[in-house]
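Below is one structure; the comments refer to it alone.
FYI, it's all coordinate maths here, none of it is from the lab. All of these numbers come straight from a predicted model, not from anything done at the bench. Note: ideal-geometry Cβ built from the backbone for every residue, glycine included; neighbour counts use all protein chains shown.
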Amino acid sequence: MGQILIVDDEKSIRTTLKIFLEREGYVVDTAENTVVALDLFDQNAYDLVLTDIIMPKVTGVELLEKLRHRAVDVPVIIMTGEPTVDTAITAVKAGAFDYVRKPLTKAILLKVVNEAMHVRGLMEHKKRLEEENQIYQHHLEAVVSKRTEALVKTIQSTISVMSCMMELRDPYTAGHQRKVGNMAATIAREIGMTDRVIDGIRVTGYLHDIGKIAVPLEILIKPSKLTRLEFDMVKEHTNSGRLLLQNIGLSIPVAEVVWQHHERIDGSGYPRGLKKEQILMESSILAVADVVEAMTSHRPYRPGLGLETALKEIETKRGREFEADVVDACLTLFRRKDYQIEDQFVHTRLFYE
Ligand SMILES: [Fe+2]
C-alpha cells in the first residue's frame, strides 16, 4: 500500500492518525518532532509525510524545506490548527502537496492521503519509465556503435580483398594500388583537402585499377610493347572499374573518380578525352600518383625508371597534362619533405555524418 510518516508534537493526534491509516493497510511511523522525523527519513523510504505546521523548535514548513534540500521528492501534506492565508501560501511555496485543517475527520484524512498516494504512484511510474528509457537508449547506442564498427571492419576487409585480388592476378603490379592510394591521400592532404576527401581518395586509390580484372592476363604481363588493339583493351579497365564500383557510396564519387583516373587536362587522356574543368580534382590527384608510382616500379616490359625520372615527367607535363597544383604538391612531398612511398593498407573512417 505504502509507507507514511506522521510528524506531530501531540501524541493523541499521532496515535489517532496512525490507527486510521493502518486500518487502511498503510505502514505508518510517527515522529514527535522534526529531528526524529529526519532520522527516520534516513532509514526508510517513505511515500508520504503528514506533518503538523506548528511544533516546538522546527516547524512543519522548515521540515518540508529540509526534505526538499535532500532532494526528497516525497509528497508532504501540511496540517494546521489555525489556518491563515499566509501559512497556506508559505506551505505551498515550500512545495507542500496539500494543506489541511485540524482536527481532521477520517474521511478527509483518507481523501487527501489516497490522492497523494495516487499522485506518488504516477510520479514513481514516470520516473521508472524515464530510467528504463535511459537504459534502453544507452543500450541502443552501444548496439548501433558496435554494429557500425563491425560494418566498417567488414567493408575495410572487402576493400583490402578486392585490392589484393588484382595483385594475385598480376603480381608484377604488387602493391601498386596501395602505394597509389597512400600517395594520393598524402598529396590531397598537402593540397589542404578535408579528411573525408583524403580518406575517400585513399580508398579509391586502393581500387582504382580493379577494372583490369576484365583485361586478359597475357596482355597485362606481356613483356613487350602492346599492339594498338591490346592497348585499347587495357584502356577498357577504366570503364570496367566504373561499372564494378558504381554502387559504392563513400565520401567521394568513387566510380566517377576511377573512370577519370587516366584523363589528362589537355584532353589527351582516356576513355573520354575529358578536359581540365571536366576532370574531378580527386582524379587529377590519382593520375599524378599513378604515373609516379608506375614509373618508379618495374614492369614486365621495362625496369623501374627511378624516382627522379618520374618526378621530371610530371614536372614537364605540369599544367599541360597534369593539374599544376597537384604536381606542385607531389614535388614538394618528394623533394622537400622526403616522402617515401608506403605499401601498407591504411584503414580509413569510410563513413562521415
Ligand atoms: Fe589505371
Assigned charges on the beta-carbon of Lys, Arg, Asp, Glu; the chain dipole about Cα centre (debye): 1100 debye
Total charge of the residues flanking residue 7 in space, meaning their Cβ is under 9 Å from its Cβ, with Lys and Arg +1 and Asp and Glu -1, is -3
Among all helices in the chain defined by DSSP H, which have a length of 24 Å or more along the axis from Cα atoms plus a Kyte-Doolittle mean of at least -1.0? 106-169
For residue 332 and residue 301 in the same chain, what is the full-extension length gain: residue separation times 0.36 nm, less their Cα-Cα distance, in nm? 8.2 nm
Ranked by Cβ crowding within 10 angstrom, fewest neighbours first, how are 147, 169 ordered? 147, 169
Residues with beta-carbon under 11 Å from that of residue 211, excluding residue 211: net charge, scoring Lys, Arg +1 and Asp, Glu -1? +1
What per residue convex hull volume, in Å³, do the alpha-carbon atoms of the chain yield? 232 Å³
Cα-based convex hull volume of region 170-336 per residue, rounded to whole Å³: 104 Å³
Going fewest to most other Cβ atoms within 10 Å around each Cβ, 322, 231 line up as 231, 322
Just add up the charged neighbours of residue 337: K/R +1, D/E -1, any other residue whose Cβ is under 14 Å from the Cβ of residue 337. -1
